Amino acid sequence: GTRSSSRRGDPTFTYVRRSPLVQDSKRFLSPWSKWSECSAKCGQTGVQKRTRSCLAERFWGVHCNEATEEGRLCIGHVCSACNITCPMGHVNADCDTCMCEDATLHGKVSLEDGSPAADARVYLQAKKLKLLTMADNRGMFRIPGVCPDGKNTLKIKKAKYAAATVTVPESNRRNLAIQVQLHRSGKPYVFRSPEDKARRVGQSVSLCCDARGSPAPDRYLWYHNGSLLDPSLYKYKNNLILKNLKREQSGEYFCKASSAGGSAKSQVAKLAVIGRQEAACDSQPQSHLIRLPHDCFQKATNSFYYDVGKCPAKTCVGKLDKGLRCKDNISYCCGVSKMETRDISCDGYTLPTKVIVECGCKICTETKIMVRGRATAADNGEPLRFGHIYMGNKRVSMTGYKGTFSIHVPADMERLVLTFVDRLQKFVNTTKVLPFKENGGAVFHEIKLLRKKAPVTLESTETNVISLGEMEEDDPIAELEIPPNAFYRKNGEVYSGKVKASVTFLDPRNISTAPVTQSDLNFVDEEGDVFPLRTYGMFSVDFTDEQGTESLNAEKVKVHLDAAQVKMPEHVQEMKLWSLNPETGLWEEEGDFNLEKSTRRKREERTFLVGNMEIKERRLFNLDVPESRRCYVKVRAYRSERFLPSEQIQGVVISIINMEPEPGFSSNPRAWGRFDSVVTGPNGACVPAFCDEQNPEAYGAYILASMGGEELEAVPSAPKLNPAAIGVPQPYLNKLNYRRTDHEDSNIKKTAFSINMAKPSPNSPEENNGPIYAYENLSECEEAPYSAAHFRFYRIEGDRYDYNTVPFSEDDLMSWTDDYLAWWPKPMEFRACYIKVKINGPQEVNVRSRNMGGTHPRTIGKLYGIRDVRSIRDPQQRDVSAACLEFKCSGMLFDQDRVDRTLVKVIPQGNCRRVSVNSMLHEYLVNHLPMATNNDTSEYTMLAPLDPLGHNYGIYTVTDQDPRIAKEIALGRCFDGTSDGTSRIMKSDVGVGLTFTCSERSATEQSIFQSQRNLGQQDSGQQSILVLPGQSPVYPRPPASRRNNQVRIPMTGQRPT
């Protein structure tokens, strides 16, 4: 039953939960809890409760026979007088703010583009938010009675916009006016991620993360190896401090920034924690082969290659100062700590080379990161002349007359988002996310722009329908329906009159439009993870008044998407409308689609998906579905068809076009769905792509590679597949259906290949070693050894050869070594020097420059390097050719202490005689002593000029932050014979520095580039080179017909236009 007792005169109610078994159960009950708060308001009657628990039930699973909950009546707290004091006016009835009857507040709420924020709600921020009024269609509101005391705060809210807070200013005036601008609500955007760091046990580290957004992020969470770190234990905000580090704290860290708009995750940082006495780097260098000159074939290894070693440039533990900083004051990397000089026997001479014998921890090489490129029309290549380039809202650069541009990437930049704006409005404003080389140097990007569609004239008072996507023998993908009187000016007034409408649609049914894709088709989900989108088309809208002077907005616009165009049925339910955030380059959701129930204009038999949209400050939209079936494709780029690990090229842009095959026509893709680009690093590139495990043909992909605007060649697939050359073993290669673009037509370019995106089966061992990796195995893909399966691209070798005594890769600036004999003395500034050599004679001739120390006491008489190049025939003159020959510039060496005049010897191959030296060059050298002796007329020797002479001297000098770019620009000028022009055709009569006359070779005599290819070939015809354990054998290049030299420059990076 119920037992009642009274305490302080209040009746008490007891609730009994009966159970057998326990006698004398009071011993098994916990003490009563405190009484709860009274549930009544002040002065009214309510109930209080208290509880206790049955210990026997917890320990032995049996119930107690006593009450476990009690209640009693109570009266609410004593009603106190309102304790608010008002400096002006009086307290309102709710006792939460002050009122001034004679004061009136007038306000205006606008959006980012200045248009009115109609229907915005205005709240008073008191103990609870109190709705005061709503803005009208002009964004105006009026609130009587608000005191201008500097203490009243208003909160203004509107759907899809971040809430704005404004304090009513202090004033003696009784009529006040305020203006508020609302910013689009969005997820946070992480602009600074934590950095990789290395520490010893017992040391401390600080990892930092910064995000911005509207609303601003107000919470940060940190994760270690995917597990949340307890905020109450680690006491972090946007910086995580770890003291007295232990080994088990090594691993991956990232932060998640959150706001009312959503979440975003940072990039992952790796923290390495090593023992107190442990070596900071592996002292043993890795193997790294360099190619020797044509006359240095090594019989001992039966190859042209020599192992000079390499130290991987990874973060290591160096000297630390005591402060805990987000970015270490000095960054340390594993690098060269000891080198030895070895002498290599060559044909008639000895070649010195520096070999790495020990690696150690040293200060990282400082480099500059650059992005260069060319912005041109997708349809006819017309350049974007003098276009503005924006990073967020800030203009950072302009394109040149030929559409070229150059951007310096800040050191802490993670995601480079650039918007190209055509001031003449011929092209659609284009936002691109451009990958770059994080370890320094330049990457060249071709930016393709979509031409704006010619405007059509609409009547604003009528219903207007605009088709999206017009293909021959196919229906539009979608239509825009704009109702009558839907257009309005920026100030909120309805616009009546004629409207000029330009709506440009990017149709995924046309594969040639894929490179025009805006941004990188990614969005951030609720958890802050980046997910890819599969596009069904994107469109840019531009509405102006009849004169084309004022931009117009539009509301209640409907998008009718033809469901028949969505070939993958599961995508119909997931289709959404997205708009591009030009600051972050990420797509943000605008709205959903619903199946249309009514019939429309003679199309009763068809189903449409309908979405609603407003066209305001954002003008670029996308019809997309999120796609979770994702993989990575491993691709590597090489200097030649030898496919040696040491000849991999960094800075190559690998692009992928995701295709969706038409059912029954797997080789004839219906449409593309996504375009992505990634830049190769020291271990190749992992390119994201859609894939499917059940059906290998559900998704296909085209993959292509370019470097400096020059397309690289893919490995052939015909007449038959060669798995060893392609880099992927059978039977997986057949399943992937590898096809180079010229597989069925040899006249087509050889610069891309297609594959089926067949996700690797977990039960098949041969499919779990590349080249396709499941999305969750990105780290496996990035760290895959060279022996793992991968796809390959290679450069067609030009007739040139570079040898440096101190090994250095122009693709990897971190491989620079501070040595007196380094060809490039500074890793942040590269100065390229060329001399133009004219050859009179019927044959093309190889020309060599031998570069030695000339005047510096540390290098005098020692070799810096060798350059070989073949002369190129002049298209206008039959018996004349010319060569642009690189030599080492004179100047400071790495210690920046004193200059060296490089001793340069120019030696043409064969029976040649020097006939003239540029008179201005000769005069310069006479006036700038010492002067090199020139007794041998078959060559020419000079102490290279210190000054950057120009074409009048036959010398071409260019300085840049990237060595390849410096060389390409100098080569272009040398070919052209000018100091500011560029050419791909050799002009042998202008800007010449030296002239030789060479007699004809005998029929049996080979050029040294031919001999280089033929030397070392065995009787079987197979080229013999050094093959290390775990490497694939290398196949010789098939004999090629003589290429037309008129339009070829043997270059590596950006080609002059």
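Extents of segment 489-596, taken as max minus min of Cα coordinates on every principal axis and listed largest first, are 42, 32, 31 Å. Overall shape: oblate for segment 788-932, with the ratio a/c of the largest to smallest alpha carbon gyration tensor axis at 1.5 or above and b/c at least equal to a/b.
Ranked by the mean number of other Cβ atoms within 10 Å per residue, highest first, peptides 301-311, 150-160 order as 301-311, 150-160. Annotation: amide H-H contacts under 5 Å for Ala671 (H modelled 1.01 Å from N, sequence separation of 5 or more, or interchain): Glu660.
The Stokes-Einstein estimate for segment 630-794, based on a Kirkwood radius over Cα pairs and taken at 25 °C with 0.890 mPa s viscosity, is a diffusion coefficient of 157 µm²/s. Protection proxy ranking of 99-111, 391-403, by the mean of other Cβ atoms within 10 Å over each peptide's residues and highest first, is 99-111, 391-403.
Each residue of segment 925-934 is assigned a 3J(HN,Hα), and the resulting list reads 5, 5, 7, 10, 6, x, 10, 6, 7, 9 Hz, derived from the Karplus form 6.51 cos²θ - 1.76 cosθ + 1.60 (θ = phi - 60°), x at Gly and Pro. Using C-alpha pairs below 8 Å separated by at least 6 residues, the relative contact order for segment 90-181 is 33 percent.
Only Cα pairs under 8 Å and 6+ residues apart enter the sum, and on that basis the relative contact order of segment 369-449 stands at 40 percent. The spread of Cα positions in segment 90-181, taken along each principal axis and listed from longest to shortest, comes to 38, 27, 18 Å. For the pair Glu470 and Leu131, a Förster radius of 51 Å applied to the C-beta separation gives a FRET efficiency near 0.60, rounded to the nearest 0.05. Less than 5 angstrom separates the built amide H of Arg619 from none of the residues sequence-distant by 5 or more or on a different chain. Residues whose amide H lies under 5 Å from that of Ile344, counting only those 5 or more places away or on a different chain, are Leu351, Thr353; hydrogens are built 1.01 Å from N in the peptide plane. Would you indicate which of (i) 2, 8, 11, 12, 13, 16, 17, 13, 7, 2, 0, 0; (ii) 2, 8, 15, 18, 17, 14, 11, 7, 4, 2, 1, 0, 0; (iii) 2, 7, 10, 10, 8, 7, 6, 7, 8, 9, 10, 9, 5, 2, 0, 0 is the value of P(r) over Cα pairs in 10 Å bins from 0, in percent derived from the coordinates of this structure? Structure-derived value, by its label: (ii). At the listed q of 0.17, 0.22, 0.25 Å⁻¹, the Debye profile of segment 825-899, built from one uniform point per Cα, gives log10 I(q)/I(0) equal to -0.72, -0.95, -1.11. For the residue pairs Lys187/Lys500; Lys197/Lys634; Lys197/Lys750; Lys108/Lys432; Lys319/Lys432, alpha carbon separations beyond 31 Å are given by Lys187/Lys500; Lys197/Lys750; Lys108/Lys432; Lys319/Lys432.
Here segment 364-517 was treated as a single set of alpha-carbon atoms; its pair distances binned every 5 Å from 0 give 2, 8, 14, 15, 14, 13, 12, 9, 6, 3, 2, 1, 0, 0 percent. Panel values: segment 623-663, Kirkwood radius from alpha carbon pairs, Stokes-Einstein at 20 °C and 1.002 mPa s, translational diffusion coefficient 157 µm²/s.
Ranked by the mean number of other Cβ atoms within 10 Å per residue, highest first, peptides 377-389, 271-283 order as 377-389, 271-283. Whole-Hz Karplus values for segment 680-692 come out as 5, x, x, 10, x, 9, 10, 9, x, 7, 6, 8, 9 Hz, taken residue by residue from phi with 6.51 cos²θ - 1.76 cosθ + 1.60 and θ = phi - 60°; glycine and proline positions read x. Only Cα pairs under 8 Å and 6+ residues apart enter the sum, and on that basis the relative contact order of the chain stands at 7 percent.
Whole-Hz Karplus values for segment 784-795 come out as 4, x, 4, 6, 6, 4, 7, 8, 10, 10, 8, 8 Hz, taken residue by residue from phi with 6.51 cos²θ - 1.76 cosθ + 1.60 and θ = phi - 60°; glycine and proline positions read x.
None of the figures in this text is laboratory data; all of them are computed from the coordinates on show. Only a predicted model underlies this, so the values are computations on that prediction, with no experimental measurement involved. Cβ: placed from backbone, ideal geometry, glycine included. Neighbour counts: every protein chain shown.
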